[in-house]
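Participant: Here it is, the structure in full.
The values are calculated or read from the model by the stated rules, or taken from the named source; none is laboratory data. Treat the numbers as computed from the prediction; the structure is a model and nothing was measured. Cβ placement follows ideal geometry from the backbone for every residue including glycine, while neighbour counts extend to all protein chains displayed.
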């Protein structure tokens with residue numbers, strides 16, 4: 001009955017508003033919020049305000065970029081928050097060897113977790129939610145073991161500079177997040193790996209039959225996601241000036257998934273929206289900031305965020321009902 | 001005959017674009033074992049789904065025990081006494097056998113608690129009656145698949161079923177388990193239970209069934225006593241070929257290579273997969289279309305998949321251009337020059353969210369890129385070439401492939417493989433479900449490719465297509481090669497004769 005997949009023209013027309021919302025809804029929402037704040041929030045356009053917003057959102061953006069790729073592969077990664085904590089815990093252990101060795105080792109630990117995640121999913125055949133749940137729990141436990149359960153101050157000047165310094169008025173963290181968004185955007189659109197990733201997410205059986213290296217693509221994707229999470233952990237540690245594995249990255253997996261979903265990437269895989277993900281992260285950040293600026297309690301911000309998530313999922317569903 | 005237990009009168013069911021059932025009738029009396037047969041798309045599963053309350057008929061009426069009935073949902077049909085046994089067992093694997101047998105109607109003791117001792121004892125009695133020697137206290141998953149199916153059957157009977165529908169119950173059973181199943185089926189029929197038995201294995205049907213109903217393209221084409229219908233007639237009814245023209249031919253057996261024969265490019269020897277393929281061997285030569293013939297479930301698709309490494313094998317070898325394939329993965333097969341068009345276009349072929357262009361270049365991506373970066377210019381050239389050559393009708397190469405018609409999707413998949421310049425092309429039902437025009441185009445293309453020196457393996461349920469398209473036909477039945485036809489022997493009659501042969505053993 002595959003011959004029925006040809007869709008009649010009227011169905012396309014009816015789906016048009018939904019399609020538009022799915023494609024551009026998140027940008028429109030960001031624009032509306034920005035305009036609202038320009039009009040009603042004092043000092044919104046001041047550099048300091050904008051910078052605070054961007055610095056706060058940068059780790060979420062970085063983690064969400066990796067999450068978008070994993071979700072595009074028809075998977076999900078619940079362990080990103082724990083990987084951030086692991087990276088944070090590893091940093092003070094090796095910071096004695098200098099800035100670069102410590103950071104590289106932190107990223108390597110992330111990659112290792114990602115390879116484990118990817119192997120559980122692609123080789124062992126576990127469901128992604130179960131495989132990464134194991135590391136969500138175990139990863140943070142391991143991080144606390146590494147850190148002896150303690151908060152450790154960071155004294156390395158290079159690492160502290162990474163957290164607070166800036167280039168041409170742009171904080172390093174924001175710069176890194178921006179560059180990564182561009183790089184990932186290109187990787188998804190323009191590289192063999194990116195196209196294979198989207199194909200695997202869209203139809204794994206067909207991709208395997210077409211000779212695509214499905215296992216390698218999946219493991220690579222989970223590894224990349226975990227490396228990005230580890231980087232987010234390093235940046236968060238640098239900004240805080242201390243390694244706090246019990247707090248860093250808490251609930252980050254949910255923030256990252258939210259950014260991806262709100263950004264219009266379907267949870268069913270086969271499509272990755274990088275710019276949408278960045279906008280999704282910005283939108284959630286702006287919602288909270290706006291409400292706080294107008295003296296509404298955090299609880300109401302959470303309710304509104306929940307409403308946005310439901311709306312995003314609903315719009316995504318519209319397209320899939322064909 | 002006494003009053004039928006199940007009486008289906010003129011049932012029709014329409015899905016968007018397809019009339020799945022067209023005025024189909026079926027009566028099954030008490031104690032009767034009724035075979036329901038037909039090839040893909042004949043309407044068997046639709047009919048079963050109507051009987052079990054999954055679908056409602058658009059027209060017609062189902063009478064059950066003399067009363068017209070409409071089942072709103074599957075549970076209603078079950079409660080009324082129509083049980084269905086599927087290929088996969090629908091029980092709770094972690095519960096004990098006894099629990100599964102009595103699920104939902106456990107014997108109660110004092111205080112309304114489950115009387116476990118009595119349940120186990122009664123379960124043991126039920127199982128013993130069917131000759132199933134298992135401990136009712138064992139968890140179900142500890143049993144073999146065959147024994148699990150027996151438990152499912154016992155449960156169906158224990159819940160006072162009047163009708164048991166069995167959908168390919170033997171497809172995953174060992175021969176010994178099949179014997180037990182048959183004994184149970186006979187026991188059920190002896191107790192007056194009506195049985196609808198769906199299977200592609202003709203031997204089983206003739207051993208077990210009293211009457212047969214043949215469906216084809218949603219219509220009932222025959223109902224009658226099975227004993228009065230020989231195998232050849234049954235097959236010709238299923239395939240829709242005229243029985244009057246069919247004469248019995250002796251099979252030519254395995255043909256010797258002709259003197260001027262080209263060396264085979266593909267040599268398959270003794271390919272085996274448990275329960276599915278039993279030592280399949282054949283050769284494929286360049287410039288020739290080799291057909292794989294057989295009924296549904298004969299192992300044609302499995303053979304093709306096993307050759308390209310998409311299905312794990314238990315034994316056998318595949319040699320491509322004189323080189324033995326050691327790594328058996330689709331990627332290795334593609335490197336060796338093979339390409340396979342899968343049968344299920346939607347599940348295994350297209351990537352629905354991607355564009356026509358991306359679907360075409362999918363397998364060739366590494367070749368159309370530099371340092372891991374895809375080259376759009378190279379892609380566009382290839383895509384333009386193949387869209388033109390295969391006459392793919394799309395608004396643009398950037399249109400989503402899921403918006404194309406079935407025929408054009410099939411051409412996109414053909415293009416995906418052809419742009420790899422394969423030396424061997426395996427086509428599994430290349431023209432199924434596509435419109436007449438596209439069908440003719442695809443058939444012409446297959447001819448053209450073979451003429452250019454490509455080796456082609458063609459699988460088709462359409463006998464006419466197979467006979468006209470193939471130069472040589474390897475006939476499969478129940479996962480084994482039962483004949484090979486070459487030259488003038490490639491006729492519909494000969495294929496049907498090979499399919500109708502009695503099984504040598506079993």
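Participant: Identify, from the list A:65, A:93, the residue that is within 20 Å of residue A:237 (Cα to Cα) and touching a helix residue (DSSP H, G or I) at 6+ places or on another chain (Cβ under 6 Å). So that I can check it myself, show each step before the final result.
Facilitator: Details: A:93 fails: touching a helix residue (DSSP H, G or I) at 6+ places or on another chain (Cβ under 6 Å).
Just one listed residue meets the conditions, A:65.
Participant: Considering only the stretch B:152-167, I want to know if a residue exists there that is crowded, with 20+ Cβ neighbours inside 10 Å and assigned to a loop (DSSP other than H, G, I, E, B).
Facilitator: yes
Participant: Report, by residue number, each residue of the stretch A:149-172 that is in contact with a strand residue (DSSP E or B) (Cβ under 9 Å, 6 or more places away or on another chain) and within 29 Å of residue A:68 (Cα to Cα).
Facilitator: Result: A:163, A:164, A:165, A:172.
Participant: Residue pairs, Cβ under 6 Å, 6 or more apart or interchain, first in the stretch B:356-369 and free of Cβ contacts under 8 Å to residues at least 24 places away in the same chain and facing chain A (nearest Cβ under 7 Å), second surrounded by fewer than 19 Cβ atoms within 10 Å (Cβ to Cβ) and in a loop (DSSP other than H, G, I, E, B). List them.
Facilitator: As it stands, the answer is B:369/B:375, since those pairs meet every condition given.
Participant: Still on this structure, please answer the following. Residue A:242 is checked against (1) within 14 Å of chain B (Cβ to nearest Cβ); (2) in contact with a strand residue (DSSP E or B) (Cβ under 7 Å, 6 or more places away or on another chain); (3) modelled with pLDDT under 90 and fails just one. What number does that condition carry?
Facilitator: (1)
Participant: Could you figure out which of (1) modelled with pLDDT under 85; (2) within 30 Å of residue B:169 (Cβ to Cβ); (3) out of contact with any helix residue (DSSP H, G or I) (no Cβ under 9 Å at 6 or more places or on another chain) isn't true of residue B:270?
Facilitator: Condition not satisfied by residue B:270: (1).
Participant: Within the stretch B:450-489, work out how many residues are closer than 17 Å to residue B:235 by Cβ and part of a loop (DSSP other than H, G, I, E, B).
Facilitator: The number of residues fulfilling the criteria is 4.
Participant: I need the full set of residues from the stretch B:415-438 which are out of contact with any strand residue (DSSP E or B) (no Cβ under 9 Å at 6 or more places or on another chain), away from chain A (no Cβ under 11 Å) and part of a helix (DSSP H, G or I), in order please.
Facilitator: B:415, B:436, B:437
One line per residue, one yes/no per condition, for (1) more than 7 Å from chain B (Cβ to nearest Cβ); (2) assigned to a helix (DSSP H, G or I); (3) touching a strand residue (DSSP E or B) at 6+ places or on another chain (Cβ under 7 Å); (4) under 21 Å from residue B:355 (Cβ atoms):
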{"residue": "A:182", "(1), (2), (3), (4)": "yes, yes, no, no"}
{"residue": "A:185", "(1), (2), (3), (4)": "yes, yes, no, yes"}
{"residue": "A:189", "(1), (2), (3), (4)": "yes, yes, no, yes"}
{"residue": "A:194", "(1), (2), (3), (4)": "yes, yes, no, yes"}
{"residue": "A:206", "(1), (2), (3), (4)": "no, yes, no, yes"}
{"residue": "A:215", "(1), (2), (3), (4)": "yes, yes, no, no"}
{"residue": "A:223", "(1), (2), (3), (4)": "yes, yes, no, no"}
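Participant: Can you name every residue in the stretch B:142-163 that is touching a strand residue (DSSP E or B) at 6+ places or on another chain (Cβ under 8 Å), modelled with pLDDT of 75 or more and closer than 20 Å to residue B:30 by Cβ?
Facilitator: Once the filter is applied, which keeps residues that are touching a strand residue (DSSP E or B) at 6+ places or on another chain (Cβ under 8 Å), modelled with pLDDT of 75 or more and closer than 20 Å to residue B:30 by Cβ, the stretch B:142-163 yields B:153, B:156, B:161, B:162, B:163.
Participant: Here's a check for you: in the stretch B:324-338, which residue that is in contact with a strand residue (DSSP E or B) (Cβ under 7 Å, 6 or more places away or on another chain) and farther than 17 Å from residue B:421 by Cβ is nearest to the other protein chains (Cβ to nearest Cβ)?
Facilitator: Step one: list which residues in the stretch B:324-338 are in contact with a strand residue (DSSP E or B) (Cβ under 7 Å, 6 or more places away or on another chain), which gives B:324-325, B:336-338.
Keeping just the survivors that are farther than 17 Å from residue B:421 by Cβ gives B:324-325.
Details: B:324: 19, B:325: 13 Å.
Ranking the qualifying residues of the stretch B:324-338, first place goes to B:325.
Participant: Could we say that residue B:462 is within 11 Å of another protein chain (Cβ to nearest Cβ), within 25 Å of the chain's Cα centre (by Cα) and surrounded by fewer than 20 Cβ atoms within 10 Å (Cβ to Cβ) here? I'd like the intermediate steps shown before the answer.
Facilitator: Numbers: within 11 Å of another protein chain (Cβ to nearest Cβ): no; within 25 Å of the chain's Cα centre (by Cα): yes; surrounded by fewer than 20 Cβ atoms within 10 Å (Cβ to Cβ): yes.
No: the conditions fail for residue B:462.
Participant: While we're on this one: Output the number of residues of the stretch B:339-355 satisfying the condition of being facing chain A (nearest Cβ under 8 Å) and farther than 28 Å from residue B:303 by Cβ.
Facilitator: Total satisfying the criteria: 2.
Participant: So, residue A:266, is that one in a loop (DSSP other than H, G, I, E, B) and more than 17 Å from the chain's Cα centre (by Cα) or not? Even if it seems obvious, please write down each step before you answer.
Facilitator: Working: in a loop (DSSP other than H, G, I, E, B): yes; more than 17 Å from the chain's Cα centre (by Cα): no.
Here the answer is no, as residue A:266 does not meet what is asked.
Matching residues to (1) in contact (Cβ under 8 Å) with a residue 24 or more places away in the chain; (2) not in a helix (DSSP H, G or I):
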| position | (1), (2) |
| --- | --- |
| A:113 | yes, no |
| A:116 | no, no |
| A:126 | no, yes |
| A:131 | no, no |
| A:141 | no, no |
| A:173 | yes, no |
| A:177 | yes, no |
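Participant: Something else: Say we look at the stretch B:295-324 and pick out the residues that are touching a helix residue (DSSP H, G or I) at 6+ places or on another chain (Cβ under 7 Å) and closer than 14 Å to residue B:270 by Cβ; which of these is modelled with the highest pLDDT? Full working, then the answer.
Facilitator: The initial filter retains those residues of the stretch B:295-324 that are touching a helix residue (DSSP H, G or I) at 6+ places or on another chain (Cβ under 7 Å), namely B:295, B:308-311, B:313, B:318.
With the extra rule that they be closer than 14 Å to residue B:270 by Cβ, the set shrinks to B:313, B:318.
On the way: B:313: 89, B:318: 93.
So the residue we want is B:318.
Participant: A follow-up question, please. Wholly within the stretch B:1-110, which helices (runs of 4 or more DSSP H) include no fewer than the required count, namely at least 1 residues that are buried (at least 22 other Cβ atoms within 10 Å of the Cβ) and under 22 Å from the mean Cα position of the chain (by Cα)?
Facilitator: Details: elements: B:44-51, B:74-80, B:97-102.
Here the list reads B:44-51.
Participant: Same structure again: Scan A:261, A:198, A:227, A:234 and give me the residue that is within 14 Å of chain B (Cβ to nearest Cβ) and not in a loop (DSSP other than H, G, I, E, B).
Facilitator: Working: A:261 fails: within 14 Å of chain B (Cβ to nearest Cβ); A:227 fails: within 14 Å of chain B (Cβ to nearest Cβ); A:234 fails: within 14 Å of chain B (Cβ to nearest Cβ).
Exactly one residue qualifies, and that residue is A:198.
Participant: Of all residues in the stretch B:386-395, which are assigned to a loop (DSSP other than H, G, I, E, B) and within 21 Å of residue B:337 (Cα to Cα)? Show your work before the answer.
Facilitator: At the first step, the residues of the stretch B:386-395 found to be assigned to a loop (DSSP other than H, G, I, E, B) are B:390-395.
Correct list: B:390 only.
Participant: Condition first: closer than 20 Å to residue A:221 by Cα and touching a helix residue (DSSP H, G or I) at 6+ places or on another chain (Cβ under 8 Å). Can you find one or more residues in the stretch A:145-168 that meet it?
Facilitator: Restricting attention to the stretch A:145-168, the residues satisfying the condition of being closer than 20 Å to residue A:221 by Cα are none.
No: zero hits.
Participant: Filter the stretch A:115-134 down to the residues that are exposed (fewer than 15 other Cβ atoms within 10 Å of the Cβ) and touching a helix residue (DSSP H, G or I) at 6+ places or on another chain (Cβ under 9 Å) and list them by number. Outline the logic, then answer.
Facilitator: The initial filter retains those residues of the stretch A:115-134 that are exposed (fewer than 15 other Cβ atoms within 10 Å of the Cβ), namely A:123-125, A:127, A:129-130.
Answer for the stretch A:115-134, where residues must be exposed (fewer than 15 other Cβ atoms within 10 Å of the Cβ) and touching a helix residue (DSSP H, G or I) at 6+ places or on another chain (Cβ under 9 Å): A:123, A:124, A:127, A:130.
Participant: Here is a follow-up. Answer yes or no: is there a residue in the stretch B:396-404 that is assigned to a helix (DSSP H, G or I), within 13 Å of chain A (Cβ to nearest Cβ) and either crowded, with 22+ Cβ neighbours inside 10 Å or modelled with pLDDT of 90 or more (or both). Break it down stepwise before answering.
Facilitator: The initial filter retains those residues of the stretch B:396-404 that are assigned to a helix (DSSP H, G or I), namely B:401-403.
Subsequent filtering for residues that are within 13 Å of chain A (Cβ to nearest Cβ) retains B:401-403.
Retained after the next criterion (residues that are either crowded, with 22+ Cβ neighbours inside 10 Å or modelled with pLDDT of 90 or more (or both)): B:401.
Yes, the stretch B:396-404 contains a residue that is assigned to a helix (DSSP H, G or I), within 13 Å of chain A (Cβ to nearest Cβ) and either crowded, with 22+ Cβ neighbours inside 10 Å or modelled with pLDDT of 90 or more (or both).
Participant: A further question on this structure: Which of the residues belonging to the stretch A:272-284 are surrounded by 18 or more Cβ atoms within 10 Å (Cβ to Cβ) and closer than 19 Å to residue A:180 by Cα? Write out each step before concluding.
Facilitator: Here is the first cut: in the stretch A:272-284, the residues surrounded by 18 or more Cβ atoms within 10 Å (Cβ to Cβ) are A:272-274, A:276-284.
Passing the criteria: A:272, A:273, A:274, A:276, A:277, A:278, A:279, A:280, A:281, A:282, A:283.
Participant: For the stretch B:169-198, which positions are farther than 19 Å from residue B:36 by Cβ, surrounded by fewer than 18 Cβ atoms within 10 Å (Cβ to Cβ) and modelled with pLDDT of 80 or more?
Facilitator: Residues satisfying the conditions are B:179, B:183, B:187, B:190, B:191, B:192.
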